Amino acid sequence: MVCALLALATLAAYWQVGGFEFTNYDDENYVSKNPTVLAGLTLAGFRWAFTTADAANWHPVTWLSHMLDCQLFGANAGAHHMVNVMWHIAGAVVLFLALRRLTGAVWRSAMVAGLFALHPLHVESVAWVAERKDVLSGLFWMLALWAYARYAEQPGARRYWPVVAFFALGLMAKPMVVTLPFVLLLLDVWPLRRVRLFAVVGQASSLPVPAASLPPETRGTDAPLTGRQEARPTCAVASVASAGKLLLEKLPLLALSVMASVAAFLTQQKGEAVQSVEAFPLSARIANALVAYARYLGKTFWPEGLCVQYPHPGAWPVGTVVAAAAVLLAVSALAVATARRRPYVLMGWLWFLGTLVPVIGLVQIGFMAMADRYTYIPLIGVFIALTWGAGDLMADWARRRPGLVTAAAGMVLVACVVLTWLQARHWRSSVTLWTRAIAVVPGNGNAYFNLGDALARLGKVDEPMALYRRAIELKPDCYAAHNNLGLALCTRGDFAAGTNHYALALRHKPDYEPAHFNYGLALVQLGRAGEAIAHYQAALSKAPQNPEMLTCLGNAFAALDRMDEAIAGLTEAVRIAPGYVEGHHYLGVALTRRGRYDQALAHLAAALRLRPGMPDTHAQLGLAFAAQQKTREAIAQYRAALQFQPEHVEALNNLAWLLATHRDAAVRDGIEAVQLARRACEATAFKAAALVGTLAAAHAEAGQFTEAVAAAKQAISLATAAGQTELATTNQELLQSYQAGQPHRDGP
């Protein structure tokens, strides 16, 4: 019944997440724009999961869980969210079963599991798809606790290795669980009582009695022990020997912890997540650790102002640090003072303090002071101390008025459900997430940037630009905001201003891949393909397997007529990503320019198979067929392009030229050629010399020589003004034909 109630209450608190979107905060790296994950469970994906350092973490089990979701549900964001909820429910249920087995206290264990399942500080871990690693590693943590309780009942290798296995799986889901051996030692003291830490030399006391060997009603409580006991003197040496044996027992687990810690540090350092001592001095780290511990504790009791990011202030006011230290010392003193009679308080407090050590900021990862998700496992210790403490303090009431105590516990859990529901709403979309972050921390430049990015993805331009500028005001070195502002300016056609912001982004982060790539795109638009190549190559040095970057590099080489290099880059792009449509298209374009028409046709046809109905590809096929003198096939492709995009300028112009100048009279149609050519010229405001020249040829074929002469003169003027000497000469020769009343005929 308890397990069912836990599941139903958790579903009630989180049901809405089934309608949530992926966010622009890591969800793309983990799922929505990760092609390896989106491919589902594959052999290549399995190998990648165990070898990649993407997202500055090594957590293959987490990657595989995301792949399984994609295998089952594709990119359905709601389904991915609900799987997170299911893992969270499973973790809460196993936590209840583990605590019940460890302590024999059913309802206290249920209360701890309920608080774990429903506390609003855990919303971030559950409602954020990218934080799958929390709920997954949490489940393995609970399974390890359950397996350890079973092992403590009857120690032996067969019962020990499941503990090691669950711990290893937890580490491969999120290395934060490295503190499990420490927690197991705490459990040895209470509730398992495999060792006593408070024996006094020469004082009579009871020998340790494993809680698992006692009747359920006495485990983990202050009820008199009724199991096997023998009164004899206990000395400090005996206690140390017992502790040493228990430490020896944990050595395999400690070895895994050390290896996982080193791997996590190196991976995060490689991913540039580890901050330098210059950026965050040791004094600032210690001060923030003290304040963070106190803030986590405060948010446990009063979960107000929760949001996705709490920026590191750099230096906390001395008064704040002193107050936080005083709180921690006071609670620690209370835990030690009550350790004999209420050992669960010290155990729970040390659980809280110890499990936060990997993320408390002594090794500073990123730029955040703290994060709600870091409390996922640590709060269990606080919940144990509070639940067992409240149970003992209210023992008399529980005997006299059990309904009142039950009602009070129920009200606490209902309040948690409501608060969790309200907090989860902020994770509905990227816009709601970052709007909330700005409301809670108005000075968070990253939040303004991310909100701008979210709005830009919805097609907005002005609002994101204002938000990027605000982000830069608050955080002048926000290279991502400079990059996105540059992208927004380029979207509006202001490429010069856009490149200025790309340059600023690279000044703050010289190896920032997106800025190099976007800079290259802008330079191509400005006709500076040679400079663009250097930026594309810099971007590829960070992402050598990126087919889009390889394609853009190939096109830049093509713009400089360096066709062999262009074809080499484009060929590599389609080799890496055989399903990359743009790669096939532009490779077909380059091969056409090189005169390798059969290969060009193969790649252009492949692009259309992958994505039917692309007008640019149909038009390019028409050009390739025309170059092979396959006129009817060329005309069919140009008409197909116009079917999908009636004002496709290239298709209009090329089809008009064929209909106006082909040597076969059965192909020519001067009237249609004029209509097509005029549409192409109107689309470019009669400013393109080549298109106006085609219109002149069409008028001549239609017998409209006065119009043909006028159009040819206009084409000559436009070409001369643009410095297109060869085109101007060609139209001058055609003008003489039109003046003589002769239409132009193409070909030999």
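When residues in region 324-380 are screened for being of a type in the set (G, A, S) and open to solvent by 30 Å² or more (accessible area, probe 1.4 Å), 5 of them pass. When restricted to residues that are open to solvent by less than 50 Å² (accessible area, probe 1.4 Å) and not aliphatic (A, V, I, L, M), region 458-488 contains 7.
Quick check on my filter: what residues within region 554-568 are out of contact with any Phe, Trp or Tyr (no Cβ under 9 Å at 6 or more places or on another chain) and free of Cβ contacts under 8 Å to residues at least 24 places away in the same chain?
Applying the first criterion (out of contact with any Phe, Trp or Tyr (no Cβ under 9 Å at 6 or more places or on another chain)) to region 554-568 yields 557, 559-562.
If the condition is that a residue be out of contact with any Phe, Trp or Tyr (no Cβ under 9 Å at 6 or more places or on another chain) and free of Cβ contacts under 8 Å to residues at least 24 places away in the same chain, then D561, R562 are the ones that fit.
Report, by residue number, each residue of region 49-67 that is hydrophobic (A, V, I, L, M, F, W, C) and either assigned to a loop (DSSP other than H, G, I, E, B) or more than 17 Å from the chain's Cα centre (by Cα) (or both). Give the steps one after another, and end with the answer.
Residues of region 49-67 hydrophobic (A, V, I, L, M, F, W, C): 49-50, 53, 55-56, 58, 61, 63-64, 67.
The answer is F50, A53, W58.
I'm checking my understanding of the structure. Among residues of region 283-296 that are in contact (Cβ under 8 Å) with a residue 60 or more places away in the chain and surrounded by fewer than 19 Cβ atoms within 10 Å (Cβ to Cβ), which one is farthest from the chain's Cα centre (by Cα)? Within region 283-296, the match that is farthest from the chain's Cα centre (by Cα) is I286.
Could you tell me which of the residues A641, A712 is touching a His at 6+ places or on another chain (Cβ under 7 Å) and aliphatic (A, V, I, L, M)? Explain how you work it out, then say what you get.
Details: A712 fails: touching a His at 6+ places or on another chain (Cβ under 7 Å).
Every option except A641 fails the conditions.
Does at least one position in region 408-415 carry a residue that is within 22 Å of L489 (Cβ to Cβ) and in contact (Cβ under 8 Å) with a residue 12 or more places away in the chain? Step through it out loud before you land on a result.
Quick first cut of region 408-415, residues within 22 Å of L489 (Cβ to Cβ) only: none.
Within region 408-415, none of the residues are within 22 Å of L489 (Cβ to Cβ) and in contact (Cβ under 8 Å) with a residue 12 or more places away in the chain.
Of the set (1) out of contact with any Ser or Thr (no Cβ under 8 Å at 6 or more places or on another chain); (2) modelled with pLDDT of 90 or more; (3) not small (G, A, S), all apply to W349 but (1).
Residues of region 20-31 that are touching a residue at least 60 places away in the same chain (Cβ under 8 Å) and assigned to a helix (DSSP H, G or I): D27, N29, Y30, V31. Contact map, region 74-87: first residue in contact (Cβ under 8 Å) with a residue 12 or more places away in the chain, second residue open to solvent by 10 Å² or more (accessible area, probe 1.4 Å) and among the charged types (D, E, K, R), Cβ cut-off under 6 Å, separation 6 or more or different chains; pairs are A77/E21. Whenever a residue of region 156-181 is open to solvent by less than 40 Å² (accessible area, probe 1.4 Å), its partners that are of a type in the set (D, E) and in a helix (DSSP H, G or I), lying with C-beta atoms within less than 8 angstrom and at least six residues away or across chains, give the pairs Y160/E249; K174/D134.
Would you call T491 farther than 19 Å from K542 by Cβ and either of a type in the set (A, V, I, L, M, F, W, C) or open to solvent by 70 Å² or more (accessible area, probe 1.4 Å) (or both)? So T491 fits the description; yes.
Which of the following residues is assigned to a helix (DSSP H, G or I), open to solvent by less than 30 Å² (accessible area, probe 1.4 Å), out of contact with any strand residue (DSSP E or B) (no Cβ under 6 Å at 6 or more places or on another chain) and not aromatic (F, W, Y): A636, A590?
Residue meeting the stated conditions: A590.
With the structure loaded, tell me whether G498 is of a type outside the set (D, E) and part of a helix (DSSP H, G or I) or whether it fails that test.
Numbers: of a type outside the set (D, E): yes; part of a helix (DSSP H, G or I): yes.
Considered against the rule, which asks whether it is of a type outside the set (D, E) and part of a helix (DSSP H, G or I), G498 comes out as yes.
Taking A522, is it open to solvent by less than 10 Å² (accessible area, probe 1.4 Å), touching a Gly at 6+ places or on another chain (Cβ under 8 Å) and either without any contact (Cβ under 8 Å) to a residue 60 or more places away in the chain or not in a helix (DSSP H, G or I) (or both)? It is true that A522 is open to solvent by less than 10 Å² (accessible area, probe 1.4 Å), touching a Gly at 6+ places or on another chain (Cβ under 8 Å) and either without any contact (Cβ under 8 Å) to a residue 60 or more places away in the chain or not in a helix (DSSP H, G or I) (or both). Of the set (1) surrounded by 15 or more Cβ atoms within 10 Å (Cβ to Cβ); (2) more than 23 Å from the chain's Cα centre (by Cα); (3) of a type in the set (A, V, I, L, M, F, W, C), all apply to L540 but (2).
A count restricted to region 593-621 and to residues that are crowded, with 24+ Cβ neighbours inside 10 Å and hydroxyl-bearing (S, T, Y) stands at 1. Taking region 74-137 and the helices (runs of 4 or more DSSP H) fully enclosed by it, the elements with 2 or more residues that are open to solvent by 10 Å² or more (accessible area, probe 1.4 Å) and under 22 Å from N29 (Cα atoms) are at 77-103.
State which residue is farthest from the chain's Cα centre (by Cα) when the search covers only region 403-437 and only residues that are under 12 Å from A13 (Cβ atoms) and among the polar types (S, T, N, Q). Step by step, filter region 403-437, then rank; the result is T420.
L38 meets each of the listed conditions (1) open to solvent by 60 Å² or more (accessible area, probe 1.4 Å); (2) in contact with a helix residue (DSSP H, G or I) (Cβ under 9 Å, 6 or more places away or on another chain); (3) more than 21 Å from Q545 (Cβ to Cβ) apart from (3).
Every residue in region 657-701 that is among the acidic types (D, E) and modelled with pLDDT of 95 or more, please. Can you show your working first?
First, the residues of region 657-701 that are among the acidic types (D, E): 664, 669, 672, 682, 701.
Once the filter is applied, which keeps residues that are among the acidic types (D, E) and modelled with pLDDT of 95 or more, region 657-701 yields D669, E672, E682, E701.
With respect to T62, is the statement that it is closer than 23 Å to A371 by Cβ, among the β-branched types (V, I, T) and out of contact with any Pro (no Cβ under 9 Å at 6 or more places or on another chain) true? Criteria met by T62. Within region 1-24, the set of residues being closer than 21 Å to G74 by Cβ and surrounded by 20 or more Cβ atoms within 10 Å (Cβ to Cβ) comprises V17, F20, F22, T23, N24.
The values are calculated or read from the model by the stated rules, or taken from the named source; none is laboratory data. Worth saying up front: this structure is predicted, and the values here are computed from it rather than measured. Reconstructed Cβ throughout: ideal geometry from the backbone, glycine too, with neighbour counts over all protein chains shown. What goes into the accessible areas is simple: the full protein's heavy atoms, side chains included, and nothing from ligands, DNA or RNA. Shrake-Rupley method; radii C 1.70, N 1.55, O 1.52, S 1.80 Å.
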